[in-house]
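Notes follow the structure.
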Amino acid sequence: MELARVKSAYRRYAPIYNFIFGRIVNEGRRRAIDVLPQRPGDHILEVGVGTGISLGFYDKHVDVTGIDVSPEMLERARKRYPKSRYPNIRELIEMDAQDLKFPDNTFDGVMAMYVASVVPDPKEMMREMFRVSKPGAPILVVNHFASSRKALRMVEDRFAPLSNRLGFRPDFSMEKFLETIDATPESISSVNIGGYWKLVVFRKPGSNGQGPSGSNGKAVTGTNGHA
Ligand SMILES: C[S@@+](CC[C@H](N)C(=O)[O-])C[C@H]1O[C@@H](n2cnc3c(N)ncnc32)[C@H](O)[C@@H]1O
């Protein structure tokens with residue numbers, strides 16, 4: 001998918017996005033945010049923040065910066081979370097997840113919820129997410145991945161040619177995703193109705209000064225070093 005196509009799809013989705021993709025996949029958003037240690041003062045980056053539908057799930061004492069390429073989606077997030085009422089929502093910026101304008105090692109956690117199968121180049125997005133994370137920080141991806149069930153897979157494959165119009169790739173494969181990004185997840189769990197979506201937890205190698213087991217006390221397994 002090209003960026004122009006993504007923008008055009010989400011320009012169309014913006015007014016109805018929360019109605020269609022709200023509650024139905026909220027469990028995945030909450031579960032991903034629950035993985036974050038959310039220490040007071042932590043600064044979290046959410047890439048593809050969209051209409052800001054997840055922003056209310058973060059603790060008020062952590063700062064959140066959101067980025068997205070769709071001005072129409074962001075406009076809704078800004079309206080719902082004005083700085084005057086939500087000072088912890090630091091900035092909602094128009095920016096490409098594949099080319100983040102933040103220095104290396106900036107954030108205490110980086111999230112991509114329902115974005116990996118939308119972004120034109122998931123490898124570049126993940127490389128950027130690892131780069132801007134502090135050592136030891138969790139990097140979380142929630143997404144639908146192509147089903148291992150034959151019947152569902154057939155439906156996904158059928159819809160795959162419509163990806164540009166749908167605004168996501170229904171046949172997005174977990175195996176290919178992990179292979180291309182060359183990183184090993186710390187854990188993978190099923191979320192949302194029927195376990196049809198996955199929460200994939202990565203961690204940037206290195207210590208965050210919170211002890212050897214990473215920022216939320218979970219064991220750190222290797223990633224292949226995207227820093
Ligand atoms: C399915 S929506 C997910 C929105 C939100 N994360 C949620 O939980 O509902 C995908 C979002 O990713 C954004 N997006 C797609 N490609 C992007 C890119 N390269 N950089 C930043 N945002 C991107 C789209 O504009 C859209 O808002």
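The values are calculated or read from the model by the stated rules, or taken from the named source; none is laboratory data. Not measured: the values here are computed from a predicted model. Counting neighbours? That spans all protein chains shown, and the Cβs are built from the backbone with ideal geometry, glycine included. Surface areas here come from the heavy atoms of the whole protein model, side chains and all, with no ligands, DNA or RNA. Shrake-Rupley method; radii C 1.70, N 1.55, O 1.52, S 1.80 Å.
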In a Gaussian network model of the chain with springs linking alpha carbons closer than 10 Å, the residue among Gly50, Gly206, Gly194 that fluctuates most is Gly194
At R0 = 41 Å the Cβ-Cβ FRET efficiency linking Lys79 and Asp182, nearest 0.05, sits at 0.60
Heavy-atom accessible area per residue of segment 3-203, all protein chains kept, 1.4 Å probe, expressed in Å², is 46
Only helices counted: for the chain, with every DSSP H run of 4 or more residues adding -39500 (n - 2.57) and the sum spread over all residues, [θ] at 222 nm is -8500 deg cm²/dmol
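About the Cα centre of segment 98-144, what is the dipole size in debye to 20, counting +1 per Lys and Arg Cβ and -1 per Asp and Glu Cβ, all else neutral?
Values: 5 positive and 6 negative charges, 14 e Å.
In debye, rounded to 20, segment 98-144 gives about 60.
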Quick calc: nm separation of the 7 Å Cα→Cβ label points for Lys101 and Arg23 -> 3.8
Close lysine pairs (segment 51-184; alpha-carbon distance under 22 Å; 8 or more apart or on separate chains) counted at 9
Calc'd 3J(HN,Hα), segment 96-112, phi into Karplus 6.51 cos²θ - 1.76 cosθ + 1.60 (θ = phi - 60°), Hz, glycine/Pro = x, comes to 8, 4, 8, 8, 6, 9, 10, x, 4, 6, 8, 10, 8, x, 10, 10, 9
For Asp59, placing the label point 7 angstrom along Cα-to-beta-carbon and taking segment 78-99, residues whose amide nitrogen sits under 19 Å are 86-90
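How much of the DSSP bridge set in the chain is antiparallel, in percent, rounded to the nearest 5?
Details: 12 of 31 bridges.
In the chain, approximately 40 percent of DSSP beta bridges are antiparallel ones.
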Out of Phe19, Phe172, Phe107, a Gaussian network model of the chain with alpha-carbon springs under 10 Å gives the largest mean-square fluctuation to Phe19
Farthest towards the positive end of the dipole of the chain, among Ile53, Tyr114, Ile139 and with Cβ unit charges of +1 on Lys and Arg and -1 on Asp and Glu, lies the Cα of Ile53
Taking the chain, the equivalent ellipsoid from its C-alpha gyration tensor has semi-axes in Å, biggest first, of 25, 22, 16
Per GNM of the chain with C-alpha springs under 10 angstrom, the most fluctuating residue out of Ser117, Ser207, Ser133 is Ser207
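Within segment 15-151, what whole-number % of the accessible surface is contributed by carbon and sulfur, with the 1.4 Å probe and all protein chains included in the calculation? Working shown, then result.
Values: 2970 of 5730 Å².
Carbon-and-sulfur percentage of accessible area, whole number: 52.
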